[in-house]
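Report on one structure; see the data block that follows.
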Amino acid sequence: MGNEFVQFSLTPMLIGILAAVACALPGNFLILRRQALIGDAISHVVLPGIVVAFLVTGTVAAIPMLLGAAGAALVAVVLIEAIKRLGRIEPGAAMGVTFTTLFAAGVLILEQTDTSSVHLDVEHALMGNLESLIWFRAKGWGSLFDPVALAALPDELGRIAVVCALVVVLTIVFWRWLKISTFDEGFAQALGLPVTAIGLGLVATAAVAAVAAFDAVGSIIVIAMFICPPAAARLVTNRLEHQVMWSVVFAVLSAVLGYVFAGYGPLWFGSQNAVSAAGMIAAVSGVILGLACLFGPHRSRVGVGREEVL
Amino acid sequence: MTRPTETPITLAATEGRVTPRAAIPADAPLALRGLTVSYGEKPAVFSVDATFAPEAMTAIIGPNGAGKSTMLKAALGVIPRLSGEVAVFGQPIDVARDRIAYVPQRASVDWDFPTTVIDVVLMGLYRRVGLLGRLTGAHLSRARDCLDRVGMGDFAARQIGQLSGGQQQRVFLARALAQDADLYLLDEPFAGVDAATERAIIDVLKALKAQKKAVVCVHHDLATVASYFDEVFLINVRRIAQGPVAETFTAENLHATYGGRLATTHLDQLDLAQG
Amino acid sequence: MGNFLSALLLQAGYNAALVATGSALLGFAAGASGTFLFLRKRALVSDAVAHATLPGVGLAFILMVALGGDGRSLLGLLAGSAVTAALGLLLVEWIARRTRLSEDAAIGAVLSVFFGVGIVLLTVIQTMSAGRQAGLESFLLGSTAGMLFQDAVVIAVGGTLAVLATYLLRRPMTLVAFDPEYAAASGYDVRRIDLAMMGLVMAVTVIGLKLVGLILIVAMLIVPPVTARFWTERAGRVVWIAGALGGVAGYLGAAISASAPALPTGPIIVLVAAGLFLLSLVLAPARGVAAALLRHRRFQRRVHRRQGLLALARSEPILERYTLRVLRAEGLVRPDGVATEAGRAQAAKVARDECRWDIARQVHQDAGLTGRYDGLTPIEEVFTADEIDAFDSRLGGPRPVGGLA
């Protein structure tokens, strides 16, 4: 694995890994709270978020985009809550109404403004461009110690690294609160924990992770990272600590294998061109989940779950 | 009331069990043989035999988590059973389903669902009417009759979320009545209802018995067993005892069913049989 | 505006008329078929099914090209999409039922993984021969340019079959959505009926792939039923109102889209549907927000009326100006605050009602009921006759109210 690897594959892989882990960590708690689809909602609304940011600032620079996406996530969560309460509508349908409408609005605005030299690509927003986040200035492994080369690292790497670190820190700091309020909210409330704030904080963290990750892997794939590694982890262990560890392992595995298969797989099949790395990462995480569903030691339902009865 | 008659009708193979099972009488409204339900490795209901008496009101009693509701649901096929046979009036349950009416626990329903009281009762007629049949005026008046029998006649157009717990229970009973069945299975019909509703429900059930129907209730309140029911079935994962209240509802059987969970003072307040 | 009106009247050209008709039919089928999944509280299964169509489209394309064809036969692509969508649907059901993962995790997993695989296939196709794949990405957001008559036929036939199936299965599906335990006990195969509900949604998704694309078809399946819910309390009507709303959104959306450039059809249809939702949220007579506000105003008025009458019954002075105003407006008090004949009669009635409610609250520890005691609903409207008799037996006879003679 020589200089070419460092130049072309190292940073995309790192970014993929960091994005996967940043999403998988909050995903553990989201799936335990049956809020997995909030990731679906957030992922769909980043498109209108970045479109509005583009309209307002006229550029496709990263920070305005991220702010726009974050703002859109916030707006979406507020709207979903409002629709749930005002309309007495169940959460899934409220989410469905909100994010499809916002997404349609985003596409419409995009169509209307899609003329100037700067071009916003719907497909980019959906699928990301992991493959293109190369470290052009690198010359080999030695560049890791070269400040000039390091300064030319793709910005996405820095951003996702910061966000991932933030997510890890938050998970560790609020670990006990998250654990208790996820398993028994009533008990947590009786203990005096601010359960509403915890819930909101979790969703906010997930949104930040989604927004940071979408830049690299696109918004729809983010859902895969929220759900598949934690879900697979849930099926292989009964303990929350182990589940979180396993989810990180599965996330890293998905990112690495997905990138490798996407980049090098076609070569093995005789083709020259790589395929979508983001898609392949999602696919690998799905395979891992599938294996867990079939062979995971704790995959079966114990006790009468809602679905068992009807 | 009579004990089941002697004409035996046996169902399919009993998988080589050692103790021969009693044959299933043809007129028993409900008979279970070897019913077992388990969640994972844990049995919730284990190898239960039961023969319910015709034209009688039977209470299924036992501690919480003892498998009362589970037994009923598994018999009906609402939840899957691990093994066992279920016969309704001597026939396999899937053949005789139109002779059963089931009143589930209230908790499982979404009260904001767009349906009115009369709509719920009409649902009891869906099986009869089929996919394409029209719901005629006759069906509608039958539904209204059933609502009147439970005292809910004036509430027909109301959306169900606007009802109290007891009223909701009455509507579910009306739905069962609309089916004009021969066997009525109710899961804790008196739980969480007010006294007036309880009176209304027990009056309806006694009227059903007078019409020679069979009624089986999962019942939670030991204090009313003797006054409401003719027969009792005690279960705690396994069958403990079954028979007429006068013979079976004894302190000894209750101890066996409830283990240490029934304080002796509580027993004193019950109207128990001797012996 | 003129463009819009002519589009509305199907006078804006062949393509526009075709798109408008197709959209209306699709909207109707989607609204009607999606209602049951909404009632069953599984609305987002449509999202999983829709995203699961993508790999099927890619595979069908590759297969058709490998067999020597052009790869763009609509029926072939739709057939492929149906296969993977059905697979996705079955997987969601299997994961939710057989593993300890909950339904939303199953939905999200299938959605993202199948979509990811679909994206990979799209990039594979991109490399197969440049330019050949142009057209497959239109399945993401839909495309109406160059819509053919046979495309409209697909929508018409498919949509009609879907609506027919919805009508045929409406009773079992309503029963399963409302009370699945009772349905199972009555002998219905709940699992099969659930699969039928999801299968209908899948069929409509496949039909709508070309016109609005897989991401936006979900909106057509969810928004009209949610909107229709505001207008009726009867499940059967929700289905057909949802269909009508979907049809209207489709037709209007297509007409608006045809009236100006850079107005893509799919998103406009969705936004029209959303507009109808918003209108319903605010204006619907029973469940709408405006109606709730009006009810609140009326409630306040009635509270004051009742409190005033109770005060009269207890011979207490009435101090609130608003209360006095309300009572005076109904002729229950004289301008000086003294009760009239009618006022005394009403006060007696209200006092008795209040006593009955006191008993009722003692009898019913049912918080849900006494939570509905807003102090105003006459007790006859909340309790049955025999229940009221029970209260009265604990009360004694009616008592008259004194006032100044």
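For the protein assembly as shown, the average shadow cast by the Cα convex hull is 50.3 nm², which is a quarter of the hull's surface. Stretching C:THR160 away from C:TRP94 to a fully extended chain increases their span by 20.8 nm, per 0.36 nm per residue minus the current alpha-carbon distance. Couplings 3J(HN,Hα) for the range A:64-70, derived from phi with the Karplus relation 6.51 cos²θ - 1.76 cosθ + 1.60 (θ = phi - 60°), are x, 4, 5, 5, x, 5, 4 Hz, where x marks Gly and Pro. For the protein assembly as shown, the solvent-accessible area works out to 41 Å² per residue, with a probe of 1.4 Å and every protein chain left in place. Reported to the nearest whole Å, the Cα centre-to-centre distance from the range B:99-143 to the range B:165-227 is 17.
In this simple spin-label approximation, C:GLN300 and A:SER300 carry label points 7 Å from Cα along the Cα→Cβ vector, and these lie 6.1 nm apart.
Can you give the calculated 222 nm mean residue ellipticity of chain B, where each DSSP H run of n ≥ 4 adds -39,500 (n - 2.57) and the sum is split over every residue, rounded to the nearest 500 deg cm²/dmol?
Result for chain B: -8500 deg cm²/dmol, rounded to the nearest 500.
Other protein chain C-beta atoms within 10 Å of residue C-beta, averaged over B:188-195: 2. With N counted as the residues of the range C:291-395, its alpha-carbon radius of gyration over 2.2 N^0.38 Å works out to 1.15.
Among A:ALA251, A:ALA125, A:ALA94, whose mean-square fluctuation peaks in a Gaussian network model of chain A (Cα, cutoff 10 Å)? Maximum among the listed residues: A:ALA94. For chain A, the mean residue ellipticity at 222 nm estimated from helices alone is -24500 deg cm²/dmol, where every DSSP H run of n ≥ 4 contributes -39500 (n - 2.57) and the total is divided by all residues, rounded to the nearest 500.
Computed from the C-beta positions of A:PHE145 and B:ASP98 and an R0 of 60 Å, the FRET efficiency is 0.15 to the nearest 0.05.
Near C:ASP389, once Lys and Arg are set to +1 and Asp and Glu to -1 for all other residues with Cβ below 12 Å from its Cβ, the sum equals -1.
Legend: calculated FRET efficiency, A:GLU4 to A:ALA62, from the Cβ-Cβ distance at R0 = 25 Å, rounded to 0.05, equals 0.40.
Placing unit charges on each Cβ (+1 for Lys and Arg, -1 for Asp and Glu) gives the range C:2-287 a dipole about its Cα centre, and among C:GLN126, C:TYR251, C:LEU283 the Cα reaching farthest toward its positive end belongs to C:LEU283.
To the nearest 10 degrees, how steep is helix C:74-98 against the longest Cα principal axis of chain C, on a 0 to 90 scale? So the helix axis and the longest Cα principal axis differ by about 50 degrees.
Placing +1 on the Cβ of every Lys and Arg and -1 on the Cβ of every Asp and Glu, with no other charges, gives the range A:3-294 a dipole of roughly 780 debye about its Cα centre. For the set A:LYS84/C:LYS349; C:LYS41/C:LYS210; B:LYS206/C:LYS349, the pairs lying more than 32 angstrom apart at their alpha carbons are A:LYS84/C:LYS349; B:LYS206/C:LYS349. Among residues other than A:ILE15 with Cβ under 15 Å from its Cβ, the summed charge is -3 (Lys and Arg +1, Asp and Glu -1). Legend: mean number of C-beta atoms from other chains within 10 angstrom of residue C-beta atoms, peptide B:197-203, equals 2.
Modelled spin labels at C:GLU381 and C:GLU354, positioned 7 Å past Cα toward Cβ, are 1.9 nm from each other.
Give the calculated FRET efficiency between A:ILE134 and A:LYS84 to the nearest 0.05, with a Förster radius of 51 Å applied to their Cβ-Cβ distance. After rounding to 0.05, the efficiency reads 0.70. Sequence-ordered 3J(HN,Hα) estimates for the range C:14-31 from the Karplus curve with 6.51, -1.76 and 1.60 and θ = phi - 60° stand at 4, 4, 4, 5, 4, 4, 5, 5, x, 5, 4, 4, 4, x, 5, 4, 5, x Hz, glycine and proline given as x. Extension gain for C:SER393-C:ALA342 works out to 15.7 nm (0.36 nm per residue, less the C-alpha to C-alpha distance).
In the protein assembly as shown, carbon and sulfur make up what percent of the accessible area (probe 1.4 Å)? Result for the protein assembly as shown: 61 percent of the exposed heavy-atom area is carbon or sulfur. Helical runs assigned H by DSSP (4 residues or longer) give chain C a calculated mean residue ellipticity at 222 nm of -24500 deg cm²/dmol, each run adding -39500 (n - 2.57) before division by the residue total.
Here the Gaussian network model covers chain A, with springs between Cα atoms less than 10 Å apart; of A:THR171, A:THR182, A:THR57, A:THR57 fluctuates the most. The C and B chains share an interface that buries close to 3500 Å² of accessible area, total over both sides, probe 1.4 Å.
Considering only A:VAL107, A:VAL173, A:VAL217, the mean-square fluctuation computed in a Gaussian network model of chain A, springs between alpha carbons under 10 angstrom, is largest for A:VAL173. The 3J(HN,Hα) values that the Karplus relation (6.51, -1.76, 1.60; θ = phi - 60°) gives for the range B:105-120 are, in residue order, 5, 5, 5, 7, 10, 8, 7, 8, 4, x, 8, 9, 4, 5, 4, 4 Hz. Gly and Pro appear as x.
The values are calculated or read from the model by the stated rules, or taken from the named source; none is laboratory data. This is a predicted model, so every value here is computed, not measured. In this analysis, Cβ positions are derived from the backbone assuming ideal geometry, glycine residues included, and neighbour counts consider all displayed protein chains. All accessible areas refer to the heavy atoms of the entire protein, side chains included, with ligands and DNA or RNA removed. Shrake-Rupley method; radii C 1.70, N 1.55, O 1.52, S 1.80 Å.
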